[in-house]
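Heads up: the structure comes next, in structure tokens.
The values are calculated or read from the model by the stated rules, or taken from the named source; none is laboratory data. Since we're looking at a predicted model, the values are computed, not measured. Glycine gets a Cβ as well: all are built from the backbone with ideal geometry, and neighbour counts include every protein chain shown.
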Amino acid sequence: MELWMWLGKQFLGESLAISGFEDFKSAVKRSLFDDVEHIVAKAGQKVPPVNPEIVAKERKVIEIERVALDMDTDATIVPCRDGFQLKLNKKLPLVRQRFACAHQIGHTYFFDINKNPPEKPYRRSTSHYWVEEGLCYEIARRILMPTSMMHEWMENANPPYIKEFKDMMLSFLVSGELLSYRIQDIGSWDVLMLIFESGGGAIMLYKVLKSGNRMGNVHVARRGLKVTDPTLHDLLSRAFKGEMVQEEGINLTIGDLRGEIASFGASYMGSYPPKVIAILTL
């Protein structure tokens, strides 16, 4: 509550009298994310890929250094005189460094940057930590994939979308998983995005993301589901071997989801451990 109230004062000002805490949080997030997209534009980032290191300057990040950090640490940010110092793990692939930079920019929103050096305005706690981390993931997505840039791609795409999906990954320089979440944020495609991983000779469901208004009543079994449908297994096996798979009008069984899939696209996305993103329209 303390964290949200402080954010509310920063982004809603005198408009704090919103009935219901959930409505209040939604209003805070809208205003926060508007500010994030504003600083991206202010930093002169008009086309993808956005350079998060330039955007960082808008949040008083005065120094960015690439250093060898532990593999468990993607990046760190610490307040200093006149702003922040950010360190990126130089051992990471470029795509992951870009995300780590954008994520750390998100953390600056949880400091009072009018203080010198910036200070945390609320007490630290486990609950505050997880709220902050979750919002930083959302902020990072909006830095790297601003809404206006995403709309230009998504409005001109056609099912099964997998070719456009791969092209967007290359254009925005983001991972397939991060792009899936951003597509879910925007919600203009009516799709299921299923992320699969392979191990021990089996293909398993790693994550399910729903997008659009038509998927609300669609249920797919939980994470860890082993793929047993022979048609789906064959399609995903081909994708894991590097083939971009596109099919129309097929019947699949995926956990609780049984029936005809209007279009199906799947592609290996080069992450580690290897994952395949499958996009389904019903």
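Say we look at region 223-250 and pick out the residues that are part of a loop (DSSP other than H, G, I, E, B) and out of contact with any Phe, Trp or Tyr (no Cβ under 9 Å at 6 or more places or on another chain); which of these is nearest to Tyr181 (Cα to Cα)?
Leu225
Looking at (1) on the phi < 0 side of the Ramachandran plot; (2) assigned to a loop (DSSP other than H, G, I, E, B); (3) free of Cβ contacts under 8 Å to residues at least 60 places away in the same chain, which is the one condition that is false for Gly13?
(1)
I'd like the full set of residues that are surrounded by fewer than 13 Cβ atoms within 10 Å (Cβ to Cβ) and outside any helix (DSSP H, G or I), limited to region 16-54.
Leu16, Ala17, Ser19, Gly20, Gly44, Lys46, Val47, listed by residue number.
Can you report the number of residues in region 63-82 which are closer than 13 Å to Ile105 by Cα and either aliphatic (A, V, I, L, M) or more than 20 Å from the chain's Cα centre (by Cα) (or both)?
The number of residues fulfilling the criteria is 6.
Which condition from (1) in a helix (DSSP H, G or I); (2) in the same structural domain as Val218 (by TED's automatic domain parsing) is the one that Tyr137 breaks?
(2)
Give the residue that is farthest from Leu7 (Cα to Cα), with candidates limited to residues of region 95-144 that are surrounded by fewer than 18 Cβ atoms within 10 Å (Cβ to Cβ) and of a type in the set (S, T, N, Q).
The extreme case among them is Asn116.
If only one of Lys87, Lys120, Lys91 is out of contact with any Leu (no Cβ under 8 Å at 6 or more places or on another chain) and of a type in the set (D, E, K, R), which one is it? Steps first, answer last, please.
Working: Lys87 fails: out of contact with any Leu (no Cβ under 8 Å at 6 or more places or on another chain); Lys91 fails: out of contact with any Leu (no Cβ under 8 Å at 6 or more places or on another chain).
Every option except Lys120 fails the conditions.
Give the residue that is farthest from Pro79 (Cα to Cα), with candidates limited to residues of region 114-134 that are part of a loop (DSSP other than H, G, I, E, B) and without any contact (Cβ under 8 Å) to a residue 60 or more places away in the chain. Spell out how you get there, then give the answer.
Start the filter on region 114-134 by keeping residues that are part of a loop (DSSP other than H, G, I, E, B), which leaves 114-118, 120-125.
In the following step, the residues that additionally are without any contact (Cβ under 8 Å) to a residue 60 or more places away in the chain were identified as 114-118, 120, 124-125.
Numbers: Asn114: 12, Lys115: 10, Asn116: 9, Pro117: 6, Pro118: 6, Lys120: 10, Arg124: 15, Ser125: 19 Å.
Looking at residues that are part of a loop (DSSP other than H, G, I, E, B) and without any contact (Cβ under 8 Å) to a residue 60 or more places away in the chain, I get Ser125.
With respect to Glu53, determine if the residue is of a type in the set (Asp, Glu) and either at pLDDT below 95 or more than 24 Å from Pro146 (Cβ to Cβ) (or both).
No; evaluated as a whole, the condition is false for this residue.
Would you call Glu138 of a type in the set (Asp, Glu) and at pLDDT below 95?
So Glu138 does not fit the description; no.
Please work out which residue is nearest to Asp185 (Cα to Cα), limiting yourself to region 89-113 and to residues that are part of a helix (DSSP H, G or I) and among the aromatic types (Phe, Trp, Tyr).
Filtering first and then ranking leaves Phe99.
Residues are listed down the side, and each one gets a yes or a no for (1) out of contact with any Ser or Thr (no Cβ under 8 Å at 6 or more places or on another chain); (2) aliphatic (A, V, I, L, M):
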| site | (1), (2) |
| --- | --- |
| Ile54 | yes, yes |
| Arg66 | yes, no |
| Gly83 | yes, no |
| Leu86 | no, yes |
| Ala100 | yes, yes |
| His103 | yes, no |
| Lys115 | yes, no |
